Amino acid sequence: MLVVMSQGCSPDCGERVISALAAAGRRAERIALADRAAVRADGPFDVALAEVVGRLPGVALVLPASRPMRHVLRREGRGATTVRLGRHTIGDGGFTIVAGPCAVEDEAGLERVARAVAEAGADVLRGGAFKPRASPYDFQGLGRPALPLLARVGAAVGLPVVTEALDAASLDEVSRHAHMVQIGARNMDNSALLKHAGRAGIPVLLKRGMAATLEDLLLAAEYVLEEGNPHVVLCERGIRTFSDHSRYTLDLGIVPVLKRVSHLPVIVDPSHASGAREVVPALARAALAAGADGVMVEVHPDPLHALSDGRQSLTPEEFRVLASDLRALEPLLARHREPVT
Ligand SMILES: [Mn+2]
């Protein structure tokens, strides 16, 4: 458990936290974060104890984490981080809709989807060039040739582009053609790639690993920020549980917690989480209600014949309905996305 103190709180406040933890049988020690003090306690996270400690004077946050974080935690007196992609900004209180095919398959198909999602009100175009697939025998993406294609089509429909990189070489390629690089769930704990993205300076869409805790995800983002790149958007995309009715379990519960403890924008990917087209709109609407800064949704002109993830891809018409529902709900739920101070 990590108890983050307010900036400039007196040493007495820290002592009171340590005493309260000691009374609950926890060994605790004072540690220094970048701009303030914190107390780290041994043992598992305890919700009731966190509530008791959270009410003590001078306590800013109580986190289910034990390792220090210098950059990703919410900072007093400073607003939430916004990430700019071309003319669009993520995390400014608006709701960002990222949409497009799982993979770029060919120019004509990409152009059809891009036009459809742009007309339906999407803010950002997605499309995979390098695909990290579960099987080496599955379609691996078009690779490098897909990048200029994405850039051309994005510019033609007026949308910034996000696409995934798998390693340092593909990240450099992506940086030359896209507005944002995605680091996928399978690469979330690839610290070399995270550092490389940090040094590259390009905005990063960081997806939560399928077995990553809140602390794991925040520490992964910490790698990018530590290298001097503050343009990070976190993405919940479903975790592995015992559930057998969907591909993964969308952990919407992490959204309000991330928004409370971190200044980074948070978006939700209901497509990869559910793996099922008919479930995606409900989860996307729920993500908006949970306070996410946006969603990322897969759309394909002919899902039955998609080379990857067709089962979870919306048709352009289904996406048009979803986008219009989200835009209608957005003003009702806007106050839940306002930066917490
Ligand atoms: Mn996909």
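Quick note: the coordinates plus some simple rules give every number you see, no bench work behind them. From a predicted model like this one, the values you see are computed outputs, not experimental measurements. FYI the Cβ positions are ideal-geometry reconstructions off the backbone, even for glycines, and counts take in every protein chain you see.
A few notes on this one:
- Cα gyration tensor shape of region 68-221, rounded if a/c is under 1.5, else prolate or oblate by comparing a/b with b/c: oblate
- When +1 charges are put on Lys and Arg Cβ atoms and -1 charges on Asp and Glu Cβ atoms, the dipole computed for the chain relative to its Cα centre reaches about 640 debye.
- Sorting Tyr137, Tyr223, Tyr248 from the fewest to the most surrounding beta carbons within 10 angstrom yields Tyr137, Tyr248, Tyr223.
- Burial order of peptide ranges 330-336, 99-105 (average beta-carbon count within 10 Å, highest first): 99-105, 330-336
- Stokes-Einstein diffusion coefficient of region 128-219, Kirkwood radius over Cα pairs, 4 °C, 1.567 mPa s, in µm²/s: 95
- Ranking of Leu150, Leu329 by count of other Cβ atoms within 10 Å, fewest first: Leu329, Leu150
- Three-way shape call for region 225-283 based on the alpha-carbon gyration tensor, with the a/c threshold at 1.5: prolate
- Prolate/oblate/rounded call for region 240-341, Cα gyration tensor, a/c under 1.5 rounded: oblate
- Comparing Val279, Val204, Val268 in a Gaussian network model of the chain (Cα springs below 10 Å), the most mobile by mean-square fluctuation is Val279.
- Taking the chain as a Gaussian network of alpha-carbon nodes connected by springs under 10 Å, the highest mean-square fluctuation of the residues Phe130, Phe95, Phe139 belongs to Phe139.
- Between region 3-59 and region 306-333, the C-alpha centres lie 43 angstrom from each other.
- For the chain, Cys102, Cys235 have no disulfide-compatible partner, since no other Cys C-beta lies under 4.7 Å from theirs.
- Kirkwood Rh and Cα Rg combined as Rg over Rh, evaluated for the chain: 1.00
- Cross-link reach list, lysines versus Lys131, counting only Cα pairs under 24 Å and skipping chain neighbours closer than eight places: Lys195, Lys207
- The dipole here belongs to region 280-341: it is taken about the Cα centre, uses +1 on the Cβ of Lys and Arg and -1 on the Cβ of Asp and Glu, and is about 220 debye.
- Fraction of antiparallel bridges per DSSP, the chain only, in percent to nearest 5: 40
- Part-to-part distance (alpha-carbon centres) for region 199-232 and region 146-195, which is given in Å: 15
- Residue of Asp123, Asp293, Asp167 that the Gaussian network model of the chain assigns the largest fluctuation, springs spanning Cα pairs under 10 Å: Asp167
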